[in-house]
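Engineer: The following block contains the structure, expressed as C-alpha cells.
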Amino acid sequence: MNSPTIVPPQSYLLKQDSDLDLQRWRKVLSDYQSMAIALLIVGLWSISLFLCNRLNLAEIPILFVILVVLVRTFLHTGLFIVAHDAAHGTVFTSDRRVNDWFGRIAIALYALLPYAKFLKNHGLHHKNPGRAGDPDFHDGQHKNAIAWYVAFMVRYLDRRQLVVIFVGFTVIFHSLRLGMQVSPINLLLFWILPILLSSMQLFLFGTFLTHREPQQGYTNRHHAMSSDFPVMLSFLACYHFGYHWEHHEYPHLPWYKLPSVRK
C-alpha cells in the first residue's frame, strides 16, 4: 500500500518563497551598496583632486595645507582598498567583469599599476600569508619596517612598471600643468605626495603590523594579527585593514563589513 503524499501547507510554501526573495534582495542590496561605496570613494578622490588643484597656497595657512594632504592621502588609500576588494570579487559579486573593471580603474588611478599582476600577487599572499611564497612578506633578513618596506616596493615595482609610472606620471603632470594651468606645487602636494604617504600607510597597517612575527611565534594559520583600534579609529587608520585576521578568515567580506566579525 502506497504511503500518502504529504503536501506542505500553502503557508509554509509561501514562507519559503518569501525567504528566498528576501535573500535575493539582500544580495542585490549588498551588491549595490558595495558598488555605491566604491563609486563614492573614487568620486571624492576625483573631486578633491580637482578642488585642491585650484587652491592658492599663498592664501592658505600651512596647517590647513597639512590637513588637506592627510585627507588626500586617506582618499588615495581608498582607491587601493577598492582595487583590493575587487580582487576578492566583493565590489560587485553579481558580475565579475564589472567588478574587475572597478579594480582596474581604481588601481590605475592609484598609481598606474596593472590589475592582473596585483590580482596574481594578492592571490599568492592569501595562499601563503607570512611565509615563503608570499610576495608581501620579508625575505627573512629585512625584517625591520624600513628595510621591509623598501624590499616590498622593489618586488612590486619592476623595471617595466617603473618605466610605465615614470612616463605616465610625467605626461599627466605636464598635461595638467600646461593644459589646465595647475601649479606644479599643488600637483606635488596633493597628488604625488599622497601616493607616497598612502603606500606607507598601507604597508604599515596592512602588512608590517599585521604580518610581522610576534615574539612567541605565529598563533594562527593566517600568520596574521589584528589591531585593537576602536571601529572609528580603525576606519581612519586604514579602512579597517588593521582587522587583518578577520580579513584573511572572511576574505569574501568587503572592508566596511569587517567590524561585524571582529573578535
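The values are calculated or read from the model by the stated rules, or taken from the named source; none is laboratory data. None of these values were measured; they are calculated from a predicted model. So basically every Cβ, Gly included, is an ideal-geometry build from the backbone, and we count neighbours across all protein chains shown.
Engineer: Please work out which one of (1) of a type in the set (Val, Ile, Thr); (2) buried (at least 19 other Cβ atoms within 10 Å of the Cβ); (3) in a helix (DSSP H, G or I) is the condition Val163 fails and give its number.
Structural biologist: (2)
Engineer: Next question, about the same structure. Suppose we filter Val171, Val154 for residues that are in a helix (DSSP H, G or I), among the β-branched types (Val, Ile, Thr) and modelled with pLDDT of 95 or more; which single one remains?
Structural biologist: Details: Val154 fails: modelled with pLDDT of 95 or more.
So the residue among Val171, Val154 that is in a helix (DSSP H, G or I), among the β-branched types (Val, Ile, Thr) and modelled with pLDDT of 95 or more is Val171.
Engineer: A follow-up question, please. For the stretch 62-76, state whether one or more residues are free of Cβ contacts under 8 Å to residues at least 24 places away in the same chain, in contact with a Ser or Thr (Cβ under 9 Å, 6 or more places away or on another chain), surrounded by 12 or more Cβ atoms within 10 Å (Cβ to Cβ) and farther than 26 Å from His122 by Cβ.
Structural biologist: yes
Engineer: Out of all the residues in the stretch 134-151, which are in a helix (DSSP H, G or I) and small (Gly, Ala, Ser)?
Structural biologist: Taking the stretch 134-151 as the starting set, the residues that turn out to be in a helix (DSSP H, G or I) are 145-151.
Across the stretch 134-151, the qualifying residues are Ala145, Ala147, Ala151.
Engineer: Follow-up. Here's a check for you: in the stretch 174-190, which residue that is in a loop (DSSP other than H, G, I, E, B) and touching a residue at least 12 places away in the same chain (Cβ under 8 Å) is surrounded by the fewest Cβ atoms within 10 Å (Cβ to Cβ)? Full working, then the answer.
Structural biologist: Here is the first cut: in the stretch 174-190, the ones in a loop (DSSP other than H, G, I, E, B) are 180-183.
After this cut, where a residue has to be touching a residue at least 12 places away in the same chain (Cβ under 8 Å) as well, the list is 180, 182-183.
Values: Met180: 10, Val182: 20, Ser183: 16.
This residue is Met180.
Engineer: Further question: Return a yes/no flag: does the stretch 191-214 have any residue that is of a type in the set (A, V, I, L, M, F, W, C) and free of Cβ contacts under 8 Å to residues at least 24 places away in the same chain. Steps first, answer last, please.
Structural biologist: Of all residues in the stretch 191-214, those of a type in the set (A, V, I, L, M, F, W, C) come to 191-193, 195-197, 200, 202-205, 208-209.
Cutting the leftovers down to free of Cβ contacts under 8 Å to residues at least 24 places away in the same chain gives us 192, 196.
Looking for residues that are of a type in the set (A, V, I, L, M, F, W, C) and free of Cβ contacts under 8 Å to residues at least 24 places away in the same chain, one finds at least one in the stretch 191-214, hence yes.
Engineer: Among residues belonging to the stretch 92-120 that are touching a Ser or Thr at 6+ places or on another chain (Cβ under 9 Å) and in a loop (DSSP other than H, G, I, E, B), point out the one that is surrounded by the fewest Cβ atoms within 10 Å (Cβ to Cβ).
Structural biologist: Ranking the candidates gives Thr93 first.
Engineer: Here is a further query. Could you check how many residues of the stretch 220-230 are farther than 22 Å from Val71 by Cβ and of a type outside the set (D, E, K, R)? Let's see the steps before the verdict.
Structural biologist: Initially, the stretch 220-230 is screened for residues farther than 22 Å from Val71 by Cβ, giving 220-226, 228.
Narrowing the set further to residues that are of a type outside the set (D, E, K, R) leaves 220, 222-226.
Here the count works out to 6.
Engineer: In a helix (DSSP H, G or I), modelled with pLDDT under 95 and farther than 24 Å from Leu233 by Cβ: is that true of Leu39 in this structure? First the steps, then the outcome.
Structural biologist: Numbers: in a helix (DSSP H, G or I): yes; modelled with pLDDT under 95: no; farther than 24 Å from Leu233 by Cβ: yes.
Considered against the rule, which asks whether it is in a helix (DSSP H, G or I), modelled with pLDDT under 95 and farther than 24 Å from Leu233 by Cβ, Leu39 comes out as no.
Engineer: Follow-up. Among residues belonging to the stretch 135-147 that are in contact with a helix residue (DSSP H, G or I) (Cβ under 6 Å, 6 or more places away or on another chain) and touching a residue at least 40 places away in the same chain (Cβ under 8 Å), point out the one that is farthest from Gly168 (Cα to Cα).
Structural biologist: Ranking the qualifying residues of the stretch 135-147, first place goes to Ala145.
Engineer: A further question follows. If I ask for residues that are assigned to a loop (DSSP other than H, G, I, E, B), surrounded by 15 or more Cβ atoms within 10 Å (Cβ to Cβ) and either within 18 Å of the chain's Cα centre (by Cα) or basic (Lys, Arg) (or both), which ones from the stretch 121-133 would you list? Before the answer, list the steps.
Structural biologist: First pass over the stretch 121-133, keeping only residues assigned to a loop (DSSP other than H, G, I, E, B): 128-133.
Filter once more, keeping what is surrounded by 15 or more Cβ atoms within 10 Å (Cβ to Cβ): 128-130.
Scanning the stretch 121-133 gives a single hit, Pro129.
Engineer: Can you say whether Met225 is under 22 Å from the mean Cα position of the chain (by Cα), crowded, with 18+ Cβ neighbours inside 10 Å and not charged (D, E, K, R), as far as the supplied structure shows? Before you say what the answer is, go through the steps one by one.
Structural biologist: Details: under 22 Å from the mean Cα position of the chain (by Cα): yes; crowded, with 18+ Cβ neighbours inside 10 Å: yes; not charged (D, E, K, R): yes.
Considered against the rule, which asks whether it is under 22 Å from the mean Cα position of the chain (by Cα), crowded, with 18+ Cβ neighbours inside 10 Å and not charged (D, E, K, R), Met225 comes out as yes.
Engineer: Still on this model: Looking only at the stretch 231-263, how many residues end up being outside any helix (DSSP H, G or I), more than 20 Å from Leu70 (Cβ to Cβ) and not hydrophobic (A, V, I, L, M, F, W, C)? Talk me through it step by step, then tell me what you get.
Structural biologist: Filtering the stretch 231-263 for residues outside any helix (DSSP H, G or I) gives 239-243, 250-254, 262-263.
From what's left, more than 20 Å from Leu70 (Cβ to Cβ): 243, 250-254, 262-263.
Pick out the ones that are also not hydrophobic (A, V, I, L, M, F, W, C) and you get 243, 250-252, 254, 262-263.
Number of matching residues: 7.
Engineer: Would you confirm whether any residue within the stretch 112-126 is in contact with a Gly (Cβ under 9 Å, 6 or more places away or on another chain), touching a residue at least 40 places away in the same chain (Cβ under 8 Å) and closer than 23 Å to Arg72 by Cα?
Structural biologist: yes
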